[in-house]
Amino acid sequence: MEKDLVLCCKLQKPYVQARRKNGEITYGGDQGFFKGGAPGSVEERKSAMGCGVVAFSDLLLYLGTGDQSRETPESERYVNRINDEADYCSYYNCIYDFIGGVSARNGISGIRLMMRFNRLARREHWEMRAIWGLGSGKLYGRIEEMLKQDIPVILCIPIMLLKKDKKDGVSFYRRGDEWKKETTVSAHFVVVTGMVQECGSGEIFLEISSWGKKYYINWNEYEKLIRTHFLGTILGNILYIRKR
């Protein structure tokens, strides 16, 4: 645990990992594995707009880890191991096809992720169901609930639809002796793997996986973004998975 952070709740198993070509071990999948595709190619689309597919892919890998009943035909070759970059891309491509690809302009919606998860859950006879579009007041409690049930949380940072908002987004932080802001992000899916509280300030941060790295999002900053921007609480939401 990083200095001066208190764990609130966290996934129980080690999170999904992949091995980059340079040997680095990731924290979750990375759409950047497809970087360098020709302009207009499917690979370029996966790199630019494939964050939702990565999040869905990692969700299935995590659910199947150590639980054979949660493996699927798409994931069974890839669970319980650190996949190299090429293998992760092969797995991603299976999930990409299952989801039905992504739009070159807008990526994928949370509604489609919900529909595909529910289709898969019915196919596999899982006693689970996904919902998208919870009221913003329920998000914090639902994230906490899912983590305590050892279910990764796919969270969407909404697209900024209005011209005046284009530069807005949520800050991604890294943690050492102090917080370091790495970038500001919008129109992006991440996976929440834990919740921590900063000693002193009492601020809550979501521990997330994005681009194969661990970052943190300030919960108050995220909540403010979705409450104050056009359609923020609809586009900015979670894939809430509950057990039946």
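Descriptive notes on the structure:
- Build a GNM of the chain with springs between Cα atoms under 10 Å apart, and of Glu127, Glu43, Glu198 the one that fluctuates most is Glu127.
- Each other residue within a Cβ distance under 14 Å of Gly101 adds +1 if Lys or Arg and -1 if Asp or Glu, for a net charge of +2.
- Charge context of Gly36, other residues only, Cβ under 10 angstrom, K/R +1, D/E -1: -1
- Per-residue ellipticity at 222 nm, computed for the chain from helices alone with -39500 (n - 2.57) per DSSP H run of at least four residues, works out to -10000 deg cm²/dmol.
- Of the cross-linked pairs Lys138/Lys164; Lys46/Lys213; Lys21/Lys213; Lys21/Lys180; Lys138/Lys167, those separated by over 24 Å at the C-alpha level are Lys138/Lys164; Lys21/Lys180; Lys138/Lys167.
- Alpha carbon Rg of the chain, scaled by the compact-globule rule 2.2 N^0.38 Å: 0.96
- Around Leu120: net Lys/Arg minus Asp/Glu count, Cβ-Cβ under 12 Å: +3
- The stretch 170-215 - Kirkwood radius from inverse mean 1/r over Cα pairs (Å): 11.4
- Going by accessible surface with a 1.4 Å probe and the largest first, Ile82, Ile95 read Ile82, Ile95.
- Kirkwood hydrodynamic radius over Cα pairs of the stretch 166-244, then Stokes diffusion coefficient at 4 °C and 1.567 mPa s, in µm²/s: 96
- Cα gyration tensor, the stretch 28-67 - rounded (a/c under 1.5), prolate or oblate: prolate
- Overall form of the stretch 100-244 per C-alpha gyration tensor (a/c, 1.5; a/b vs b/c): oblate
- Cα gyration tensor, the stretch 48-136 - rounded (a/c under 1.5), prolate or oblate: oblate
The values are calculated or read from the model by the stated rules, or taken from the named source; none is laboratory data. The shown structure was predicted, so the numbers you read here are calculated from the model rather than taken from an experiment. Note that we place each Cβ from the backbone using ideal geometry, even for glycine, and neighbour counts take in every protein chain shown. In case anyone asks, the SASA skips ligands and DNA or RNA and just uses the protein heavy atoms, side chains included. Shrake-Rupley method; radii C 1.70, N 1.55, O 1.52, S 1.80 Å.
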